[in-house]
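K.L.:
There's a structure below that I have some questions on.
The values are calculated or read from the model by the stated rules, or taken from the named source; none is laboratory data. Please read all numbers here as calculations on a predicted model, not as lab measurements. Please note: Cβ atoms are built from the backbone with ideal geometry, for glycine as well, and neighbour counts cover all protein chains shown.
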Amino acid sequence: MNIPRIPVGKGFEVLIQWLTDHLSVVFDGIDQVVLSILGGLKFALLLPHPLLLIALFTALAWWMAQRGVALFTGCGMLLIYNMGYWTATMETLSLVLAAVLIALLVGIPLGICTAKSDRAERVIRPMLDFMQTLPAFVYLIPAVLFFKLGPVPGVIATLIFSLPPVVRLTGLGIRQVPPEIREAAVSFGSSPRQLLLKAELPMAMPTIMAGVNQTIMLALSMVVISGMIGAGGLGNEVLKGITQLRIDVGFEAGISIVILAIFLDRVTQQLGKPRRRKNSTGRE
């Protein structure tokens with residue numbers, strides 16, 4: 001007995017084609033917005049001399065993390081500059097920052113929504129599960145169909161892939177705020193807006209920043225994959241090393257990605273953690 005085949009893929013293809021035909025104006029607007037963000041970030045990262053930016057990154061690592069991270073950042077960034085991958089690394093960093101910025105603007109409000117409404121949480125959670133479990137390469141297909149080849153589909157695919165952690169952990173952080181904090185804020189006459197901004201979000205900030213850290217790491221991994229669709233940056237260099245069997249190019253670009261990933265991870269891990277002040281004796 002032959003069971004009729006359900007045309008799941010064909011239905012998805014029809015949906016994508018319908019969106020392409022009827023919402024082209026919307027996609028063109030998104031394309032221009034993303035290009036503007038990318039252009040601004042890339043200009044800001046490539047405008048200073050690389051040595052000046054390396055010094056700023058090292059100082060940031062020293063201030064946010066510890067001496068070892070700062071030493072690694074300085075030496076690692078100098079190595080990237082010496083190997084000739086500074087421009088590609090800054091292009092990758094601009095792609096990551098653009099995707100993460102949009103992910104935070106979308107994800108934090110969605111996380112707040114899931115924390116405040118059980119119905120919204122039941123609707124959004126399966127969508128997040130789907131986004132996290134779908135293979136990363138599949139995101140490239142509709143992104144290319146909507147936005148053609150280039151950095152914009154790379155940012156959009158990266159955004160979708162890296163969005164779930166910040167939504168989940170924002171909702172989790174707000175739900176874990178002790179009831180006593182809420183009761184105290186309400187008893188002092190706080191409105192729902194004041195309760196959220198002055199009590200719940202500050203208490204949930206460490207958990208939210210953990211979500212930001214995971215979003216940045218996922219965005220960096222996806223930006224490399226999106227090099228397959230011409231997103232630029234280190235992803236293109238890795239792809240060049242694979243397609244041309246150039247071990248030197250692939251290894252050097254890979255090392256650059258590792259250095260950038262460790263720098264971003266160690267710095268963002270410290271976000272949301274309380275800063276300890278030193279006393280007059282220099283001890284914390």
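K.L.:
Do we find that Arg175 is under 17 Å from Ile112 (Cα atoms), at pLDDT 85 or above and more than 12 Å from the chain's Cα centre (by Cα) in this structure? First the steps, then the outcome.
P.N.:
Working: under 17 Å from Ile112 (Cα atoms): yes; at pLDDT 85 or above: yes; more than 12 Å from the chain's Cα centre (by Cα): yes.
Yes: the conditions hold for Arg175.
K.L.:
I'm trying to understand the selection: among the residues of region 46-61, which are in contact with a helix residue (DSSP H, G or I) (Cβ under 7 Å, 6 or more places away or on another chain) and among the small types (Gly, Ala, Ser)?
P.N.:
Within region 46-61, Ala61 is the sole residue that qualifies.
K.L.:
Exactly one condition in (1) more than 15 Å from Gly211 (Cβ to Cβ); (2) hydrophobic (A, V, I, L, M, F, W, C); (3) touching a Lys or Arg at 6+ places or on another chain (Cβ under 9 Å) is not met by Ala120; state its number.
P.N.:
So the condition that Ala120 fails would be (3).
K.L.:
Moving on to the next point. Would you pick out the residues in region 1-24 that are basic (Lys, Arg) and assigned to a helix (DSSP H, G or I)?
P.N.:
Lys10
This table checks each residue for (1) at pLDDT below 80; (2) more than 17 Å from Ala88 (Cα to Cα).
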| residue | (1), (2) |
| --- | --- |
| Gly233 | no, no |
| Asn236 | no, no |
| Asp248 | no, no |
| Gly254 | no, no |
| Phe263 | no, no |
| Val267 | no, yes |
| Gly272 | yes, yes |
| Gly282 | yes, yes |
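K.L.:
Could you tell me whether region 43-65 includes any residue that is modelled with pLDDT of 90 or more, surrounded by 12 or more Cβ atoms within 10 Å (Cβ to Cβ), under 18 Å from the mean Cα position of the chain (by Cα) and part of a helix (DSSP H, G or I)?
P.N.:
yes
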